[in-house]
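Worksheet: the structure to be examined is printed underneath.
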Amino acid sequence: MSSELVVLPGRTERRRNRRPGAPGTARSGRTSHTSPDQGPPGRPPADLEQTPLDRTGLDRARLRHDRPVRLPASRGPVSEALLELLDTDPDHETPGRAGAHPAGPDQDRLQWSGPAVAAPTDDDLQLALWLSYELGYRGLAGVDEGWEHHPVLLAARRGWERVLLDGLELLTVDRLGPADPEPTAEQVVAALETLAGTERGPSLSGHLMRQATVRQFSEFLVHRSLYHLKEADPHTWGIPRLSGAVKAAMITIQLDEYGLGEVRAMHAQLFRDLMRDWQLDDRYGGYVDEVPAVTLLASNVISLFGLHRRWRGALTGHLALFEMTSSTPNARYARGHRRLGGGPRAAAFFDEHVVADAVHEQIAAHRLAGGLARTEPELGAQIVFGARTVALVDDLFAEHVLGAWGTGRSSLRRRLVEGRS
Ligand SMILES: [Fe+2]
Ligand SMILES: [Fe+2]
């Protein structure tokens, strides 16, 4: 492979030939935002997992326990009020105003008042939702875990979820047309196959395969890190809500997502390896301040569906279309990764999805989505709605990213810059 000059913001960088199988050797410096508390390049972070599974002792730095997410900056009055609330004691016992937490902000400040159609792409709302959901994943640094199911927080989140669901319904109808209100199981499967087989708008995966620069590919990975470092977790909320053959189908898919219990093969771990190969910050939630609302939306939609039993149909449809639309784009991402000099081992994240999801898509369409529609026919329309949200979010994301790149802008809220010191 010949050397290639790439220009990253503030620097000129010569990419050098890579030693096959050596993650992280492509770039001489790190590409990250200028977060003040990150360690110097090349020094393993302090919170690395030292695990007996890692028998060779050579790659321990790759395996890491996730820490609670550092709190991001607010993006408007609602996320600001939420951050104020989370800074208080959830078990404060002094009676307060009706419905409000006595030590927290006025309950009114936790209400988002924009139009439903704007909800999916509103930074303030999406950050507030994301923070409220992260309490149920790895937690938030410095925030009392008692907030996870606190009635004040849940009441506020209920309002955010309602307006988001209204917005998703409006936008899916606007962009994808009306949906059948009472589809049969066969019609559910057919609707998902149509969604999966329809190309809409410009192709982000095609751009990444053929044209993207190193910086653009890095930005793509930064966006995706918000989901892929917890890959599969939001859909896993669905397992206890399902039973019988449909539950078995979901578990069959999720088992592969979790590497059959082998930490190195977990898809989240494969993505972590990929980030390290691209010299990116691989900490869970490390780029939350950088990503726009539409990136947070991608995670929030699954969390919303996953955390409510009554949305199990939408969750199932979401997972089904996720799996049905994964194999082809990942093959393109893999080609883009290799074209730009990405490491062979790191390509495993993409390659694994090309192979596994070619199998998963059949299970997802027929045993999962079709199976649920047969056993609970009243969920048919909801299954399709969940699938339609995948198409909507994919389209919104591609439009945002390609729109920014097409005019020479970063797709992130802050440009990636070289070096962490
Ligand atoms: Fe996966
Ligand atoms: Fe999959």
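The values are calculated or read from the model by the stated rules, or taken from the named source; none is laboratory data. Here the structure is a predicted model, which means the values were calculated and not measured. With ideal geometry, Cβ positions are generated from the backbone for all residues, glycine too; neighbour counts draw on all protein chains shown.
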Looking only at residues in the stretch 351-378 that are surrounded by fewer than 24 Cβ atoms within 10 Å (Cβ to Cβ) and hydrophobic (A, V, I, L, M, F, W, C), which one is nearest to ligand 2 (Cβ to nearest atom)?
356
Qualifying residue in the stretch 219-234 (condition: more than 12 Å from ligand 1 (Cβ to nearest atom) and among the basic types (Lys, Arg))
no
A careful count of residues in the stretch 331-340 that are surrounded by fewer than 19 Cβ atoms within 10 Å (Cβ to Cβ) and within 18 Å of residue 393 (Cβ to Cβ) gives 0
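Among the residues in the stretch 315-329, are any under 19 Å from the mean Cα position of the chain (by Cα), among the charged types (D, E, K, R) and at pLDDT 95 or above?
yes
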Odd one out for residue 154 among (1) surrounded by 20 or more Cβ atoms within 10 Å (Cβ to Cβ); (2) not assigned by TED's automatic domain parsing to the domain that holds residue 288:
(1)
Before we move on, is residue 404 surrounded by fewer than 19 Cβ atoms within 10 Å (Cβ to Cβ), in contact (Cβ under 8 Å) with a residue 60 or more places away in the chain, of a type in the set (A, V, I, L, M, F, W, C) and in a helix (DSSP H, G or I)?
no
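Would you check if residue 91 is touching a Pro at 6+ places or on another chain (Cβ under 8 Å) and either modelled with pLDDT of 80 or more or within 30 Å of residue 396 (Cα to Cα) (or both)?
no
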Kindly state which helices (runs of 4 or more DSSP H) lie completely within the stretch 188-294 and contain at least 2 residues that are within 23 Å of residue 356 (Cβ to Cβ) and away from ligand 2 (no atom under 16 Å from the Cβ).
204-210, 214-228, 244-257, 267-277
For the stretch 299-334: of the residues being of a type in the set (Gly, Ala, Ser) and within 16 Å of ligand 1 (Cβ to nearest atom), which is nearest to residue 223 (Cα to Cα)?
299
So which of 175, 210 is surrounded by fewer than 16 Cβ atoms within 10 Å (Cβ to Cβ) and under 29 Å from residue 342 (Cα atoms)?
210
Would you be able to say whether some residue in the stretch 313-321 is surrounded by fewer than 24 Cβ atoms within 10 Å (Cβ to Cβ) and either away from ligand 2 (no atom under 16 Å from the Cβ) or part of a loop (DSSP other than H, G, I, E, B) (or both)?
no
Within the stretch 351-368, does at least one residue satisfy the condition of being touching a Leu at 6+ places or on another chain (Cβ under 6 Å), away from ligand 1 (no atom under 16 Å from the Cβ), part of a helix (DSSP H, G or I) and within 30 Å of residue 280 (Cβ to Cβ)?
no
Determine, yes or no, whether residue 342 is assigned by TED's automatic domain parsing to the domain that holds residue 269, in a loop (DSSP other than H, G, I, E, B) and either in contact (Cβ under 8 Å) with a residue 12 or more places away in the chain or among the hydroxyl-bearing types (Ser, Thr, Tyr) (or both).
yes
Scanning the stretch 249-266 residue by residue, those under 17 Å from residue 320 (Cβ atoms) and either touching a Ser or Thr at 6+ places or on another chain (Cβ under 8 Å) or touching a residue at least 12 places away in the same chain (Cβ under 8 Å) (or both) turn out to be 249, 250, 251, 252, 253, 254, 256, 257
